[in-house]
């Protein structure tokens, strides 16, 4: 907790105010955004909202503790301090868990979700520490360390946990209202994503670039989503699940280099590519993975966080190879391992930075897959309570439901 | 994109942070506010949310380009820069389009909406440039250049596009949940409107006045809405459509002079008048225009943006005639064409400013009507695909709908 | 209204920007948070959203006037000024009224709610003035003066207004969608609560502590809610009403000392206790009070605002007894009646501050109960229109309802 207040309040309040509104936007994404986006399942709305809240809260608390143990302050003083930045990092850790939750949605009991959270957070924090502190990569919006990690952890977990009943379950599907409720989540994610990508960027010019590039990339992915989703539909109709998700792919894809890119056309293009890849993923890849490998992905996390995360990582390699030298002193904040006037002679050259970005991406993918596989195998062990076959994608076994629940949600499957 | 970061980050971050939270509130209005407000139609929820998102995104991109071509920077350097202020202006352009969309809701195909957007944005930007840069009017919240323009463009378009089937269509109407979903939009518009009206006001005292006057005017219109809507109902009941819309009329009506007014009672009164006019519009004028002239207005945009926009324009004439001289140096920001100690001798007197405000209002009304008429005539041309008669106000032809869609939304009309 | 703009705009904008984003979060709580949280009743959604809006607006206007008459500026000049801080105080007054409204939800006509508002605001403002200005207590998030007052005023009013029909009414209950709509309110309250508790804290270190402690306390109450609500359920299932409400108890319970506490474990513990007490209240105490004393509490306000408010008051006595002396100059802002280097010799010692906090809590509880009782007795007088027995907890008598209203909401009671 911050102690003493000897400084002039007005001077001091700038950094707090600066971060606070972006922190609050991040909070909206974690609790409203992820929570409502997952209500699209017609029988799983209570679970989606409640368990999203519960896992976010456990992630925040657990991340504060894990990150505290890793802090210099703990090493030196045997205890750790909590600041607004700690809460922001804790929200980022919650994002990792909620992304993985999206893959497993409807297939875990509350206790299984909690166990997954307890395992995933420390692994994600360690990997983050390796690639940020040791490899000194730039990952402004965390597309590598958060989105890619969360997605491939969840996918690996889902594959290890695969069961035939998941493939074509009568309860998996939406109703008219649940698709609209999901849009509350989707649109708030769209609105607040610039804050997510910019919150940790310093100084001001990097933060402003992060906001601008994210908005423009989201514009690109949204336009791509409408164009492509109509084009690949056999009736030329739009599909709400795709619209609720693929429109956001640009936010992920620009995340890593959002504070670097100087040309808006580049952000627009990245967003457009990510949106296109995401729609095609929903239409063709996800069904293929489910049918061919039993890899079930309830929310299509691979299309919103997985592949766009890879695009983000690869773009961060390409961008850094060609630094444009227009950043002035702020280059020291963007690439703090690189040899510049600011950083001194001890740093490495830009080419090495590019290699580090690539290595980081590989580490994250590999580590998340291994950790996810182990978690999935562990959680299917017989002594852990499993969801009943009939009650996959359903609130009925874990929540008190009102009298209209069965009538409303148990209609014939689509 | 902002380059270089030579300044001290902390000093620099004030203007960014100042605008950013108001920009985010504006974003909430555009995407959540307009989007959900339009979900009140029981069969058009997917379209309302998705097409609102699509049009907003196209508007943002198209406005960035059009405004870029008009910028001094483009004239001098052959390219244009994008800053946070550019995104804010782009959101304002999106508001113009979404207001017009409200008039046409349920009567256009997605492609027709897009064509309307492509036509409307450049016209609105040119008119805005004429009245702001040439006539040097004050229009803090854009009630003249955004709300009045968008409303009369849409109304003229709707009249030119009129078809008998629009008048009493079985699908036009709400269900219990759709009216509640619409309130998500309405309430977020209510909350964020002060930011919309204040975002471009400088210096700080003008910005604070804009916030205060907007809140107080919204209080006035909300109280008027409940009083009057009950009084004019034959059963003395409240009507949700009126409540979701007329409560917001105060935000429009105070918009132009929000940064000028010094007496809270004046804002309260403006809001109260706007709320009253708006409710009466919903109850009597809109049905009359539909039945007498075939002028169909799905969302009642004339009552929320049209007439309150006129009130805003007229109030800006009256207020400027009687400047109270308590503004200090900030007068130069409010009326930058007027002769003051700050502006120098070259400016004009307050009376001329008042005339300019009036001329600006007339230009906006006339230009929007002409452009709207031409757009409406164009979009009904035979070679452009039209909505099927049966599927007005319905998602069915353009969206994949869940199995409960027909049962839920096709019940007997009210 | 703020006049003149002689200061440099950029310097000036810091305090405005600092407060403004917290003010907007408070606005979200008042209008979205309380409004949607009360939509859980299946037949009362229109009323919950509309009357929440109406009462909030009347409270804001009425509070501006009442507080204006109490201001020094009015005493000296015969008129009062309105600033952003005035609007923030007005929102706080609205919170008091909306908390009381939660107890009476579904049992008052619109006019009865309005009369309650008109009576409650001045009493609350006077009591606030006594305990803040005279007793000089610290109550950062207003848990004593707002939550405790609003809760016990409402409960006393409900008891005085008790009618047998309230106990087991066929219309009291939720449907699947209404429980999910309520979560919109609940989650936004959760997200914005840190701003509510921190908005008036100065200087910056106090504000940051208020944010951190509130988040951590909410984490505590959320974890407790899930643990305890499952443990006390006979089927070991979660209950949505408890989750939507008790998760928030930590925000109330930490409110009074949010700007003081230095040890996160303390906040976590306070939140955990409040969450536990709240769940037990929903499960056992509320039904008992209804059956034994006819004290009906529609939203369970006693469990969310009443008992957690008492916990907040008591914790503020305990914390102040043991001041840790790590606050530097900011102590003068936290406890401005206490004798410190900053405040000078005229103040009292910490022990006296603790006694003041206790006396303040007692005054608030007693005054709210007396005022609530009188209000309840008054509002049941025969010449005031009462709700029809059949139409308790229903929109039908006061709102135009769509054709699906009866079918959707009149199903067999749970």
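The values are calculated or read from the model by the stated rules, or taken from the named source; none is laboratory data. Predicted model only: the values in this text are computed from it and were never measured. Here the Cβ is made from the backbone with ideal geometry for all residues, glycine too, and neighbour counts use every protein chain on show.
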Exactly one of C:104, C:29, C:22 is closer than 26 Å to residue C:192 by Cα, away from every other protein chain (no Cβ under 12 Å) and surrounded by 22 or more Cβ atoms within 10 Å (Cβ to Cβ), and that one is C:104
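Here's the yes/no breakdown for (1) out of contact with any strand residue (DSSP E or B) (no Cβ under 8 Å at 6 or more places or on another chain); (2) touching a residue at least 24 places away in the same chain (Cβ under 8 Å); (3) closer than 24 Å to residue A:379 by Cβ:
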| residue | (1), (2), (3) |
| --- | --- |
| A:79 | yes, no, no |
| A:87 | yes, yes, no |
| A:93 | yes, yes, yes |
| A:112 | yes, yes, yes |
| A:118 | yes, yes, yes |
| A:157 | yes, yes, yes |
| A:167 | yes, yes, yes |
| A:174 | yes, yes, no |
Flagged in the stretch A:392-414 as buried (at least 16 other Cβ atoms within 10 Å of the Cβ) and closer than 30 Å to residue A:147 by Cβ, in numbering order, are A:392, A:393, A:394, A:395, A:398, A:399
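Answer with yes or no whether residue C:149 is touching a residue at least 40 places away in the same chain (Cβ under 8 Å), closer than 24 Å to residue C:313 by Cβ and assigned to a helix (DSSP H, G or I). Outline the logic, then answer.
Values: touching a residue at least 40 places away in the same chain (Cβ under 8 Å): yes; closer than 24 Å to residue C:313 by Cβ: yes; assigned to a helix (DSSP H, G or I): yes.
Yes.
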Counted residues in the stretch A:265-279 being within 13 Å of another protein chain (Cβ to nearest Cβ), buried (at least 24 other Cβ atoms within 10 Å of the Cβ) and more than 12 Å from residue A:303 (Cα to Cα) come to 2
For residue C:84, the lone unmet condition from (1) more than 7 Å from chain B (Cβ to nearest Cβ); (2) surrounded by fewer than 24 Cβ atoms within 10 Å (Cβ to Cβ) is (1)
Note: among A:59, A:93, just one is away from chain C (no Cβ under 11 Å), buried (at least 22 other Cβ atoms within 10 Å of the Cβ) and either closer than 27 Å to residue A:295 by Cβ or in contact with a helix residue (DSSP H, G or I) (Cβ under 7 Å, 6 or more places away or on another chain) (or both), namely A:93
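Looking at the stretch C:1-46 only, could you name the residues that are under 30 Å from residue C:239 (Cα atoms) and at pLDDT below 90?
none
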Of (1) at pLDDT 95 or above; (2) on the phi > 0 side of the Ramachandran plot, residue B:314 fails just (2)
Checked against (1) in contact (Cβ under 8 Å) with a residue 40 or more places away in the chain; (2) touching a helix residue (DSSP H, G or I) at 6+ places or on another chain (Cβ under 7 Å); (3) within 11 Å of chain A (Cβ to nearest Cβ), residue B:66 satisfies every condition except (3)
Restricted to the stretch B:178-206 and to residues being buried (at least 24 other Cβ atoms within 10 Å of the Cβ), more than 23 Å from residue B:301 (Cβ to Cβ) and facing chain C (nearest Cβ under 7 Å), the residue modelled with the highest pLDDT is B:206
Checked against (1) closer than 30 Å to residue A:260 by Cβ; (2) modelled with pLDDT of 75 or more; (3) in contact with a helix residue (DSSP H, G or I) (Cβ under 8 Å, 6 or more places away or on another chain); (4) assigned to a loop (DSSP other than H, G, I, E, B), residue A:336 satisfies every condition except (3)
**Request:** Assess whether residue A:156 counts as being on the phi < 0 side of the Ramachandran plot, surrounded by 22 or more Cβ atoms within 10 Å (Cβ to Cβ), in a helix (DSSP H, G or I) and more than 14 Å from chain B (Cβ to nearest Cβ).
**Result:** yes
If you go through A:53, A:49, the only one that is within 29 Å of residue C:263 (Cβ to Cβ), crowded, with 24+ Cβ neighbours inside 10 Å and modelled with pLDDT of 95 or more is A:53
Over the stretch A:376-389, the set of residues touching a residue at least 60 places away in the same chain (Cβ under 8 Å) and under 30 Å from residue A:178 (Cα atoms) is A:376, A:379, A:380, A:385, A:386, A:387, A:389
Screening A:282, A:288 for residues that are without any contact (Cβ under 8 Å) to a residue 12 or more places away in the chain and closer than 19 Å to residue A:103 by Cβ leaves only A:288
Within the stretch C:209-253, of all residues that are over 21 Å from the mean Cα position of the chain (by Cα) and at the interface with chain A (Cβ under 7 Å from one of its Cβ atoms), the one surrounded by the fewest Cβ atoms within 10 Å (Cβ to Cβ) is C:237
Of the listed residues (B:83, B:136, B:107), the one being at pLDDT 95 or above and more than 15 Å from the chain's Cα centre (by Cα) is B:107
Of the conditions (1) part of a helix (DSSP H, G or I); (2) within 13 Å of another protein chain (Cβ to nearest Cβ); (3) buried (at least 24 other Cβ atoms within 10 Å of the Cβ), the single one that residue A:99 does not satisfy is (2)
